[in-house]
Amino acid sequence: MTMKTFIAATILLAAPALAQPADRMATAAKLRDTALASNPAWPLLVDLTDSVGPRMAGTEAEARGRVWAKAAMQKLGLVNIREEAFPITLWQRGTESARVIGTNHPLVITALGNSGATPAAGITAPVACFDTLGALRAAPDTAVKGRIVFIDHRMTVTQDGSSYGVNGGVRRSGPAIAAQKGAAAVMIRSLGTDFHRNPHTGGTVFPAGTTPIAAVALALPDAELIGRLCKRGPVEVNLVSTPTSQPGQSANVSGEIPGSVPGEIVVMGGHLDSWDIGQGVFDDGAGVAITLAAAATIKASGQPPRRTIRVVLWGSEEIGLVGARAYAEAHKTENIVLAGESDFGADRVWRVESRVAAAGLPLMAEIAAVLAPLGVQPQPGNASGGGPDVGPLAALGAGVLELGQDGTRYFDLHHTPDDTLDKVDRAQLDQNVAAWTAAIWLAASDDRPLRTK
Ligand SMILES: [Zn+2]
């Protein structure tokens, strides 16, 4: 035996034996059933909701959420608990109201994150009506200048949430496009599918060089009213919205179950921040509770994973994915082999998707097989984007695991005052935990390459 083969043999002997596939599948199935029968997601979600409250990025409430998260991680047995700060622009809602001049119809509105302010008495101006973002883009500046722009795009109900992808540009880009054409303010039809008198907030983006103007979302019944009035003739509205922006700070929180072979990391998590007008349950207290509960189930099983499992709770997602970008930048030299995010409410997982190296596809098939009894189907294609907080890690080469949740009612609740704890179906919440527990344990007990670059 040469020295070289001796060393190789020694390393082979020293390395912990990888469980055989049948054992791993059996263990994953057992973990899945254990989580389904009992897991701490519900008490965690109740405690986060009731003891911390809504967690707007950069606020003292979000900081309270981090204190809660670190204590929860410690209690569940995670180690290497870290808080990593990054700067943000702290945007805070002011006074907001709107009414139609003449009839005095009150309009139910909510300001969009990062939007600018009107004077305290508001802006009274004629409304320029557009059915779509494309129509606004095509309009001459003269049709917009000095007016309150109204965009009346319509979302539809989809199980996979794809209508949000199609219409999301209206909220993100519409206000800036209107500002560049000289608009006084913007009202959009909420990105939502309910017809309750609830507006849906959300972030918008004013690129450097474009001065933010007031931008609000109308509840769907109010958008319907403005849409009808636009067809009758000229409409004038008084709009008050007085948010403020200032330099602020947010942070990501993480904790680990260390792997037996150091140097490979599997990340799962959700985002800690939430909008201010609801309770931050569906978006995304649920994702926080689901992934913490999955880690707790694995930890409590006493089966050490081969790869390190790291729960990351991102800060400041809603206001521009600031935490996700800061996290990816700070951890770009680490070997994060796989990342997954739970950020689509608390309803059941119905499909599993991935984007991993070809060598990792058999592992994804094993995950799909263990999740099948939960009613989860594999989504072919190996082209998952993974979700907003995972995107920056995926761009650096991390493999992506996506457990797609049923979004049929998600956009009834998303970013509204109705995002509250009573909406959670505990059986579906537990099904999520079971799926994450089994999938992450299988990925962390494996050694096949997953990174895409
Ligand atoms: Zn979210």
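Per-structure values
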| item | result |
| --- | --- |
| Test: residue in segment 241-252 that is surrounded by 20 or more Cβ atoms within 10 Å (Cβ to Cβ), more than 16 Å from the ligand (Cβ to nearest atom), within 26 Å of D47 (Cβ to Cβ) and not polar (S, T, N, Q) | yes |
| Residue list for segment 403-426, filter: surrounded by fewer than 23 Cβ atoms within 10 Å (Cβ to Cβ) and farther than 26 Å from R197 by Cβ | G404, R426 |
| Residue that is assigned to a loop (DSSP other than H, G, I, E, B) and either over 22 Å from the mean Cα position of the chain (by Cα) or over 20 Å from F282 (Cβ atoms) (or both), where the choices are G146, G169, G174 | G146 |
| Selection from segment 23-80 of residues that are in a helix (DSSP H, G or I) and among the polar types (S, T, N, Q) | T27, T34, T49, S51, Q74 |
| Total residues in segment 400-417, condition away from the ligand (no atom under 16 Å from the Cβ) and either of a type in the set (A, V, I, L, M) or touching a helix residue (DSSP H, G or I) at 6+ places or on another chain (Cβ under 6 Å) (or both) | 2 |
| Qualifying residue in segment 253-270 (condition: within 16 Å of the ligand (Cβ to nearest atom), hydrophobic (A, V, I, L, M, F, W, C) and assigned to a helix (DSSP H, G or I)) | no |
| Qualifying residue in segment 205-228 (condition: touching a helix residue (DSSP H, G or I) at 6+ places or on another chain (Cβ under 9 Å), aliphatic (A, V, I, L, M) and not assigned by TED's automatic domain parsing to the domain that holds I151) | no |
| Subset tally (residues that are aromatic (F, W, Y) and assigned to a helix (DSSP H, G or I)) for segment 275-291 | 1 |
| Some residue of segment 153-169 being modelled with pLDDT of 95 or more and closer than 26 Å to L413 by Cα | no |
| Hey, A214 over 25 Å from the mean Cα position of the chain (by Cα) and within 22 Å of V127 (Cβ to Cβ) or not | no |
| In segment 271-280, the residues that are within 11 Å of the ligand (Cβ to nearest atom), touching a Leu at 6+ places or on another chain (Cβ under 9 Å) and at negative phi | H271, L272 |
| Filter result for R409 (of a type in the set (D, E, K, R) and more than 18 Å from the chain's Cα centre (by Cα)) | no |
| Complete set of residues in segment 184-194 that are in a loop (DSSP other than H, G, I, E, B) and more than 25 Å from R55 (Cα to Cα) | A184 |
| Wholly within segment 292-397, helices (runs of 4 or more DSSP H) carrying at least 2 residues that are crowded, with 24+ Cβ neighbours inside 10 Å and within 16 Å of the ligand (Cβ to nearest atom) | 322-330 |
| The one condition in (1) more than 22 Å from L90 (Cβ to Cβ); (2) touching a residue at least 24 places away in the same chain (Cβ under 8 Å) that G165 fails to fulfil | (2) |
| Some residue of segment 195-211 being more than 20 Å from the chain's Cα centre (by Cα), of a type in the set (S, T, Y) and not in a helix (DSSP H, G or I) | yes |
| Residue, nearest to R99 (Cα to Cα), within segment 136-148, restricted to residues that are of a type outside the set (S, T, N, Q) and out of contact with any strand residue (DSSP E or B) (no Cβ under 8 Å at 6 or more places or on another chain) | K145 |
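Residue by residue, here is whether (1) surrounded by 15 or more Cβ atoms within 10 Å (Cβ to Cβ); (2) of a type in the set (S, T, Y); (3) more than 21 Å from L225 (Cβ to Cβ); (4) outside the structural domain of F195 (by TED's automatic domain parsing) holds:
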residue	(1), (2), (3), (4)
P126	no, no, no, no
R147	yes, no, no, no
F150	yes, no, no, no
T156	no, yes, no, no
V166	no, no, yes, no
I177	yes, no, yes, no
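The values are calculated or read from the model by the stated rules, or taken from the named source; none is laboratory data. Bear in mind the structure is a predicted one, so any value in this text is a computation, not a measurement. Backbone-built Cβ (ideal geometry, glycine too); neighbour counts: all protein chains shown.
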